[in-house]
């Protein structure tokens, strides 16, 4: 048996549903099980569905990747460390050269019978030997610091850091941002020096290749590359999507505009008007997105009409149960 409160809820829901039905345009639609919707001309006009014509385009092979904005402080600290190691090595070299010169001078004076004792000659030789040992230690420390820098940051960034913190001033003051771009596992190295980043406000930003990273991304497990971009508006640890060109050969296809894309069951789709009033839903590749839309080399053809307004309405019509089929649980007794 339903309680009075249950009946009140049923009446309220029914009233709300009826009100929404009156507010929505009356659509006369038929659907099938193949992702198709057919609307009458009046329903198309009432719903405001709009389409655009797909144009033929060409695009180099690309993959979608994740760009992470890195904190520049570890790199700046590394630059200071490398500069210190280099300064120590240079100072040790000067000290060793001076000690060697003093040892030679003492030896020459001793052999010429000048006022120099054998003990002074030996002391100068020992000081020169110690200075040379300190020089070798300082050189080894500098070499180890450079090797560690390359293991962490790659050859290109390590070489830049070796020039000292002044070479990284643009990163320190925020004028430039350092990014790590992780490619999907198995991807070849990118071609070209520039990629386009997709920003949260739907604009794009160019980033320029610095060099390869010796480390793989912990999640993606693909090759990683360092890029430099204008730092205005970017924040440390921010993650952005980007498309990375991987080859010189261009593929022929079409670019489906972002306005045409709807998401259903974790998959991007777009509706194509195959004939007047007849719409078919087609899948898009998840990795096909670029800065201007979704490039598709197959599944869509130039000249076709793709829905750019009203796709969600078509999906709702497609997912309606067939006439005469009651929604599950609609008539069950409640408490």
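The values are calculated or read from the model by the stated rules, or taken from the named source; none is laboratory data. Owing to the predicted nature of the structure, the values given are computational and were not obtained by experimental measurement. Note that each Cβ is placed from the backbone with ideal geometry, even for glycine, and that neighbours are counted across all protein chains shown.
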Residue list for region 121-157, filter: on the phi < 0 side of the Ramachandran plot, touching a strand residue (DSSP E or B) at 6+ places or on another chain (Cβ under 9 Å) and buried (at least 17 other Cβ atoms within 10 Å of the Cβ): 153, 157
- prompt: Pick from 79, 96: which is in a helix (DSSP H, G or I) and farther than 30 Å from residue 129 by Cα?
  reply: 79
task: Report the residue count in region 216-245 for those that are surrounded by fewer than 17 Cβ atoms within 10 Å (Cβ to Cβ) and within 11 Å of residue 65 (Cβ to Cβ).
output: 3
- prompt: Given the structure, is residue 332 modelled with pLDDT under 85 and not assigned by TED's automatic domain parsing to the domain that holds residue 262?
  reply: yes
message: Could you tell me how many of the residues in region 201-214 are outside any strand (DSSP E or B) and under 16 Å from residue 190 (Cα atoms)?
response: 2
- request: Return the residue satisfying two criteria in turn: it lies in region 46-98 and is more than 30 Å from residue 210 (Cα to Cα), surrounded by fewer than 16 Cβ atoms within 10 Å (Cβ to Cβ) and assigned by TED's automatic domain parsing to the domain that holds residue 146, and of such residues it is nearest to the chain's Cα centre (by Cα).
  value: 91
- prompt: Do any strands (runs of 3 or more DSSP E) lying entirely in region 233-323 carry at least 2 residues that are farther than 24 Å from residue 189 by Cα and in contact (Cβ under 8 Å) with a residue 12 or more places away in the chain, and which ones are they?
  reply: 239-256, 262-264, 267-275, 278-283, 305-309
